[in-house]
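One structure is given below, encoded as structure tokens.
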Amino acid sequence: MSKTAINSGRYDVIVVGAGNAALTAALSATQHGAKVLVLEKAPEAERGGNSRFSGGLFRFAYDGVEDLRRVRQDLTTAEWGRIEAPPYDGDRFRDDIMRVTQGKADKGLTNIVIEQSLSTVLWMTELGMDWQWSVLWSVEQQGKIRFSPGAILEAKGKGVGLMAKLFSLAGEHGITVVYGTKMIGFLQAGDGRVTGVRVRTASGAEDIPAAAVVLASGGFESNTEMRARYLGPGWDRVKVRGTKFNTGETLRMALDIGAKPFGHWQGCHSTPIDAGAPDVGDLRLTDRTNRLSYPFGIMVNALAKRFVDEGEDVGGYTYAKFGRAILTQPGTVAYQIFDAKTVPLLEKRYNTGTPVVADTIEGLAEQLKLPKDALVQTVREFNAAVQPGAFDPAVKDGKRTAGITPPKSNWAQPLDSPPFTVYPVTGGITFTFGGVQVDHLARVIDTEDVPIPGLYATGEITGGFFVENYPGGSGLMRGAVFGRIAGEKAAAERKR
Ligand SMILES: Cc1cc2nc3c(=O)[nH]c(=O)nc-3n(C[C@H](O)[C@H](O)[C@H](O)COP(=O)(O)OP(=O)(O)OC[C@H]3O[C@@H](n4cnc5c(N)ncnc54)[C@H](O)[C@@H]3O)c2cc1C
């Protein structure tokens with residue numbers, strides 16, 4: 001066995017992966033006195049996992065502006081005067097998770113995320129994380145920024161800024177991060193305790209012992225075979241929004257040593273993205289292929305039929321399931337149609353795509369090669385079904401349709417102001433929902449409901465948190481809350 005720089009260190013805690021979940025775990029373990037090694041399969045240039053691709057949005061519970069002031073101490077009084085941020089307490093966060101997961105999210109794990117969300121954001125702030133307000137699902141009107149409650153805070157510089165900061169903090173805290181180093185197996189004692197990991201680097205395989213291991217190595221969204229096996233027909237061909245390195249082998253290894261599979265293994269987070277997006281995430285685009293302004297227009301499939309209630313809820317509660325809805329349509333494509341009234345409301349990210357523009361619905365159909373009569377009929381019926389009322393993009397305005405299926409429950413305005421603008425979209429997979437079970441201390445649980453000694457997990461590799469859908473910004477929050485817990489508990493193992 002070759003001895004490399006990795007093994008010369010004698011580490012207390014090994015963290016597998018180098019995304020948000022991993023580095024929060026590593027920082028927490030270090031704060032609790034452990035010597036920490038972080039293993040990243042990707043080369044340094046591609047480090048940071050899905051977390052680097054992300055919008056950096058952290059959903060957390062806050063009772064009011066006083067809580068927000070503790071997080072954003074950098075703002076002036078004048079800047080606070082522009083903020084319209086209704087409270088988002090724990091009950092509201094819980095209601096959101098339970099509503100969108102149809103009551104199926106694990107209640108105990110959900111409560112931990114919610115109860116520790118603010119304290120974890122404050123902990124990250126104390127560590128040195130910089131934040132900015134999120135423009136996603138917020139609207140700027142008359143000099144005020146009106147936020148969708150809960151979706152207010154993102155890391156400065158989004159996922160790229162989040163990960164740059166976490167890597168720099170890891171360096172400041174003396175954490176060793178090694179790249180191009182793939183976990184390929186566990187080291188275990190006779191009683192099943194995890195005593196380290198086996199890795200493969202460019203110079204060969206190596207065993208690295210440690211008092212505890214934290215798995216933070218993502219889901220299986222970038223593994224074609226596992227997608228087909230667990231998510232079902234068609235998922236092998238879906239576009240991947242994030243990193244190509246989340247291929248699920250550590251999840252399989254954990255199951256092989258007895259970890260309990262948990263949560264929605266046929267489920268995933270999947271959103272509308274540009275139909276021309278690359279097959280796998282591109283760090284030059286990060287999350288900018290997303291197409292999330294559909295609540296202000298309509299979406300039709302290749303038969304020119306609507307297929308979802310575009311205004312069912314604020315986008316943050318529907319975007320993670322509408323990718324799947326698009327993937328069930330013929331050709332796995334859809335067309336988001338806006339008119340001159342609503343084009344100004346489109347997110348800036350639409351700039352990365354090329355729209356089709358026409359002065360008439362017939363002209364659109366011709367350019368898009370959609371059935372002309374069907375598209376004209378869909379738009380005519382939709383326009384006739386729009387009920388009176390005031391349109392307000394900042395809240396669920398109840399401006400709805402009547403008498404059509406599917407309905408549009410909010411933000412329904414007739415498409416009657418040319419030119420008409422269309423963005424072709426498909427569904428892209430973000431991350432998978434199935435994973436290993438952890439308990440409230442982030443310990444990995446086995447199939448007999450007993451913790452596997454020495455093994456912890458956080459982030460996408462854990463299951464049970466999200467089912468069918470999720471409220472935007474909960475993925476990073478879940479990873480950081482359980483990363484912080486896992487780091488602390490793993491550090492304590494060195495005193496055993
Ligand atoms: C485009 C996009 C936008 C998103 N926006 C948001 C958002 O704004 N807010 C939000 O909450 N969530 C968002 N998400 C989801 C969020 O990014 C994930 O939930 C979160 O980043 C997962 O963090 P993680 O640390 O568990 O995994 P990752 O950040 O993916 O890290 C896993 C790491 O493990 C490494 N790894 C895998 N296998 C091995 C191995 N065998 N050995 C060593 N290393 C390994 C990978 O290389 C990777 O670096 C977004 C995701 C995408 C793709």
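A short reminder: the numbers here are calculations on the coordinates, not readings from a lab. Computed from a prediction, not measured in an experiment: that's the story for all the values here. When we count neighbours, we look across all protein chains shown, and the Cβ atoms used for this are built from the backbone with ideal geometry, even at glycine.
Some notes on this structure:
- Packing order of peptides 328-336, 342-350, highest average first: 328-336, 342-350 (average count of other Cβ atoms within 10 Å over each peptide's residues).
- Seen from all directions on average, the chain presents a Cα convex hull projection of 22.8 nm².
- In Hz, Karplus ³J(HN,Hα) per residue of the stretch 160-166 (6.51, -1.76, 1.60; θ = phi - 60°; x = Gly, Pro): 5, x, 4, 6, 4, 5, 5
- Annotation for the stretch 1-76 versus the stretch 93-137: alpha-carbon center distance of 17 Å.
- If you take the alpha carbon atoms of the stretch 163-301 and fit the smallest convex hull around them, that volume is 171 Å³ per residue.
- Set of lysines with alpha-carbon distance to residue 165 below 26 Å, sequence-local pairs under 8 removed: 35, 41, 156, 182, 244, 348, 489
- Quotient of C-alpha Rg and 2.2 N^0.38 Å, computed over the stretch 1-145: 1.31
- Theoretical ellipticity at 222 nm over the chain - DSSP helices of four or more residues, -39500 (n - 2.57) apiece, nearest 500: -8000 deg cm²/dmol
- Based on the Stokes-Einstein relation at 25 °C and a viscosity of 0.890 mPa s, and on the Kirkwood radius from alpha carbon pairs, the stretch 334-409 is assigned a translational diffusion coefficient of 173 µm²/s.
- Summed residue charge, Cβ within 13 Å of residue 280's Cβ, Lys/Arg positive, Asp/Glu negative: +2
- When the charge dipole of the chain is built from unit charges on Cβ atoms (+1 for Lys and Arg, -1 for Asp and Glu) and taken about the Cα centre, the candidate among 17, 466, 438 whose Cα reaches farthest toward its positive end is 17.
- DSSP-assigned coil residues among trypsin sites (Lys or Arg not before Pro) in the stretch 232-305, each with at most 10 further Cβ atoms within 10 Å: 284
- Rounded to whole numbers, the Karplus 3J(HN,Hα) couplings from phi for the stretch 193-208 are 4, 7, 10, x, 9, 9, 10, 10, 10, 4, 9, x, 8, 8, 9, 10 Hz, using 6.51 cos²θ - 1.76 cosθ + 1.60 with θ = phi - 60°, and x at Gly and Pro.
- Part-to-part distance (alpha-carbon centres) for the stretch 379-455 and the stretch 186-225, which is given in Å: 36 Å
- Relative frequency of Cα-Cα separations exceeding 21 Å in the stretch 270-428, percent: 41 percent
- Residue-count net charge about residue 179 - beta-carbon cut-off 14 Å; Lys, Arg +1, Asp, Glu -1: +2
- Cα-based equivalent ellipsoid, the stretch 232-323: semi-axes from gyration tensor eigenvalues, Å: 29, 17, 13
- Gyration tensor (alpha-carbon) shape descriptor, the stretch 224-269, a/c threshold 1.5: prolate
- Global geometry of the stretch 17-84, whether rounded, prolate or oblate, following the gyration tensor of its Cα atoms and the 1.5 cut on a/c: prolate
- Between residue 136 and any residue 5 or more places off or on another chain, the built amide H atoms are never under 5 Å apart.
- Exposure proxy ranking for 35, 369, 144, based on other Cβ atoms within 10 angstrom of each Cβ and starting from the fewest, stands as 369, 144, 35.
- Loop-located GluC sites (Glu not before Pro) across the stretch 177-281 with a Cβ neighbour count of 16 or fewer within 10 Å are lacking, with loop assigned by DSSP.
- Normalised contact order of the chain, rounded percent, pairs of Cα under 8 Å and 6 or more residues apart: 24 percent
- Exposure proxy ranking, count of Cβ atoms within 10 Å, fewest first, for 215, 476: 476, 215
- Note on the chain: antiparallel DSSP beta bridges, both residues inside, total approximately 70 percent of the bridges counted.
- 12 Å beta-carbon shell around residue 24, net charge (K/R +1, D/E -1): +2
- Ranked list, fewest to most other Cβ atoms within 10 Å of each Cβ, for 321, 41: 321, 41
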